[in-house]
Structure formats: structure tokens, C-alpha cells
Amino acid sequence: MPETFPVTAAVELAVVERSGFVESRHSGSAVVLAPDGTTIASHGAPGAAVLPRSTLKPLQALACVTAGASLGGERLALATASHSGTERHVAVVRSILEEAGLTEDDLGCPPAWPGDSAARDEMVRDHAAPSRLRMNCSGKHAAMLLACRASGWDTASYLDPSHPLQLHIREVIERLSGERPSATAIDGCGAPVHAVTLTGLARGIHRMGTSSERSPFALHRTAAALIAAVREHPWTIDGPGRPDTVVIERTGVFAKTGAEGLIVMVAPDGTTAAAKMLDGSSRAASTVALRLLERAGAVTTADADRARTDLGLAVRGGGQIVGVIRPVV
């Protein structure tokens, strides 16, 4: 059976400190690429395969645009999001579907409550039911449907791994990661997710983050536009006060979290960090990736600390701050 790296190959990446006592440890693997794409730091087993989960979304969104989806600005940024389901997010997803001549019913992602507590409370007060539009992957799915419409592909089967769109997505992943996926699984939203190494994932995101909108190649122009769109509209990729949005707003770093403890970040200079927490927890992922970029000189300590202040890393006891979740790499 395909699998990721074992416990024996992992290294400690972060600890949870309470009243001066280390009560929990997060182990995993991580890798840092320099602006020129060379590996400058390696922890654990970054050469082992991982399921990238939502950290794959930038590559999936890129493939949707190169397959014909007409997306720009907030709509392009939201195509790569794991959004919190606010009304603002939902409005953008609806606009993508409307351009495709489709509705919420055409989305293949499952109905869900929004991650944003205010939006959820409002839905409860209105006696509303979970919605496919509120599911955090609805922007990705809407972009996939728009790509299918543009290319004349069937929309009902767009999540089938053998569908032309999914085959195109796989080709883009292979091209940018430099790897052939070692396995294909079904993500939580129902879309195919392809296993690549953590280094391969970092390479793919690095190539997007260092692309130029003046490139002679359409793939790289689109990649640059996508990264720029997310940095210009950081609320789209996650939500107000949520980790990826906080990191982008405070540091200018492109950040994308994935389920099961995955994270990728690309600094403005192209330095790229990717990490996988082996226990599947994401609570330390952002601070670990920030520390890796900080140690590489791509993010200032002041900016990293400013982001950490708003990342919910404080450990509380009796209503008081008694500790912190901190990186140890």
C-alpha cells in the first residue's frame, strides 16, 4: 500500500509549551528551496511521498485557466482557496458558476457549513441548511466546471480521474513538480489528489511563485497572475483572521495550507518552504513554515512575529496566556 514517511523518518518541528512544560510535540518533514530552486534546508524525509491535499490547489487552479477558464482578480484567487464560506466568498463562487451557465447543484463538492463562525451563526438563525457553495473547496470546483464549459468537456463527470480536465491537471502537476504522481486518491471535496514528494510539491509551488507575467510562456504568465491575485486579495484564499490570510497580509508571503498538516509558502524573493506534520495537525504548520523562511533570510523576524501574534498560537489556562506553540526548526 502506498504510504507517506514513517515516524522513524520524521523530525521534531514544533512543540506546545504550557507553563514552562513541553506537553506535546509535532514531528514531520520540511524542505526549503532558495530563489534559484536549489534545496537549502531539509528536515526529516522530504523525498517521501505525501498527499498534498489543498496545497495542490494552486496547481489545480493553474490547470483550470490553461484549460480555458477565464478567471482574473478575486475569481482567480478564489479558485485556489480553502475559503471560510463568508457571503463575500460565496458571491465570487456564484459569479464563476453563472459565467459557466451552471448552478450550485452542478458542484461536485459536498454541502457544508461555513468555517466562518459569524456566517454559520447567521445561517443557523435563518434556519438555513449546509450548502455546496459554503464548502471550502467550492471555488476550485467552480473553476473546474468553468474550464469544462470552455473546453467543451462533460460537466457531470468532471471529478472522474480519467476526465480530460483531471488528466490535464495531472499533466500540469507533473510538469511543474518534475515528478510523476506515485498514487492518486480522492480528496475530502471529492476531487482527485495526486501524491508527490514534499520536495516535488515545493518545486511546483516555487515555479509558480517565481514565474513572470512577462514570460513568453502562457503557463508561467498565468502562474504569476495567480500568485499576484492572491497577494492582492488575501481574504479570498482563507478568510478574515484565518492563518493563510493573516500570513499574506502581515508578510506578503503566498501561503497555502492543506489538510493533514500540509503547508507551502513562497516569499516575494522566491524562497519556498513546504512542510508536512506527520500527526495531521495544522496548528503549528504556519509558524513552522514562517520560521523556515525567516531562517533563510526571506522574511524578517519583525514580520514573522507580527504574523505569529495573530495566528492563535497562545496556550491558555484559566483564561490567561500560559504558553505557546513554537517552532523548533
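FYI, it's all coordinate maths here, none of it is from the lab. If you're wondering where the values come from, they're calculated on a predicted model, not measured in any experiment. Note that we place each Cβ from the backbone using ideal geometry, even for glycine, and neighbour counts take in every protein chain shown.
Name the most mobile residue of GLY312, GLY239, GLY261, meaning the one with the largest mean-square fluctuation, in a Gaussian network model of the chain with Cα contacts below 10 Å.
With Cα springs under 10 Å in the chain, the top fluctuation among GLY312, GLY239, GLY261 is at GLY312.
Given R₀ = 56 Å, what would the calculated FRET efficiency be for ASP154 paired with SER27, taking r from the Cβ atoms and rounding to 0.05?
Values: r = 43 Å, r/R0 = 0.78.
After rounding to 0.05, the efficiency reads 0.80.
Specify the angular offset, from 0 to 90 degrees and rounded to the nearest 10, of the alpha carbon long axis of helix 138-151 from the longest principal axis of the alpha carbons in the chain.
Orientation of helix 138-151: about 40 degrees from the principal axis.
From the residues LEU278, HIS168, TYR158, which one has its Cα farthest along the dipole of the stretch 7-327 in the positive direction, the dipole being from +1 and -1 charges on Cβ of Lys/Arg and Asp/Glu about the Cα centre?
In the stretch 7-327, that residue is LEU278.
Please compute the Kirkwood hydrodynamic radius over the stretch 212-329, one decimal place, Å, based on all pairs of different Cα atoms.
Details: mean 1/r = 0.0670 Å⁻¹.
Across the stretch 212-329, the inverse of the average 1/r is 14.9 Å.
Taking the Cα centre of the stretch 7-327 as origin, work out the dipole magnitude from +1 charges on Lys and Arg Cβ and -1 charges on Asp and Glu Cβ, in debye rounded to 20. Walk me through the numbers before you get to the answer.
On the way: 32 positive and 33 negative charges, 112 e Å.
Dipole size: approximately 540 debye.
Within 15 Å, Cβ to Cβ, of SER212, how many net charges do the neighbouring residues add up to if Lys/Arg are +1 and Asp/Glu are -1?
Values: positive: ARG207, ARG214, ARG221, ARG231; negative: ASP36, GLU213, ASP269.
Surrounding charge for SER212 is +1.
Explain nothing, just the number: relative contact order of the chain, from Cα pairs under 8 Å at least 6 residues apart, as a whole percent.
Numbers: 726 pairs, mean separation 77.1, N = 329.
Here the relative contact order equals 23 percent.
What number, in nm² with one decimal, is the all-direction average of the projected area of the convex hull of the alpha-carbon atoms of the chain? Don't skip to the end; give the middle numbers.
Working: hull surface 67.5 nm².
If you wrap the Cα atoms of the chain in a convex hull and average its projections, you get 16.9 nm².
With a point put 7 Å past each Cα toward its Cβ, work out how far ASP36 is from ARG316 in nm, to one decimal.
4.8
Most mobile of ALA49, ALA302, ALA223 per a Gaussian network model of the chain (Cα springs, under 10 Å)?
Of ALA49, ALA302, ALA223, the most mobile in the Gaussian network model is ALA302.
Tell me which of HIS43, VAL264, ALA202 sits at the most positive position along the dipole axis of the chain, charges placed on C-beta atoms (Lys, Arg +1; Asp, Glu -1).
HIS43
Would you tally the net charge around LEU97, using a Cβ to Cβ cut-off of less than 9 Å, leaving LEU97 out, and scoring K and R as +1, D and E as -1? Display every interim value, and only then the final one.
Details: positive: ARG94; negative: GLU98, GLU99, GLU104, ASP106.
Taking every other residue near LEU97 into account, the sum is -3.
In the stretch 7-327, if the dipole is taken from +1 on Lys/Arg beta carbons and -1 on Asp/Glu beta carbons about the Cα centre, which of PRO181, GLY28, CYS64 is farthest to the positive end?
So the residue furthest toward the plus end is GLY28.
Do any cysteines in the chain lack another Cys Cβ under 4.7 Å, and if so which?
CYS64, CYS148
Among residues other than PRO111 whose Cβ falls under 14 Å from its Cβ, what is the net charge (Lys/Arg +1, Asp/Glu -1)? Don't jump to the answer; show the numbers that get you there.
Values: positive: ARG120, ARG132, ARG134; negative: GLU104, ASP105, ASP106.
Its environment carries a net charge of 0.
Could you tell me, in Å, what Rg and Dmax come out for the Cα atoms of the stretch 172-221?
12.5, 36
Angle between the Cα long axis of helix 164-177 and the longest principal axis of the chain, 0 to 90 degrees, nearest 10?
Taking Cα atoms only, the helix is inclined about 40 degrees.
Hey, in the GNM for the chain with a 10 angstrom Cα cutoff, which one of LEU56, LEU176, LEU133 fluctuates hardest?
LEU176
First obtain the Kirkwood hydrodynamic radius of the stretch 40-170 from its Cα pairs, then insert it into the Stokes-Einstein equation at 25 °C and 0.890 mPa s, and state the resulting D in µm² per second as a whole number. If you can, show how the numbers build up before the last one.
Working: Rh = 15.4 Å.
Reported coefficient: 159 µm²/s.
Using alpha carbons only, how many degrees (0 to 90, rounded to 10) separate the axis of helix 285-295 from the longest principal axis of the chain?
It works out to around 70 degrees.
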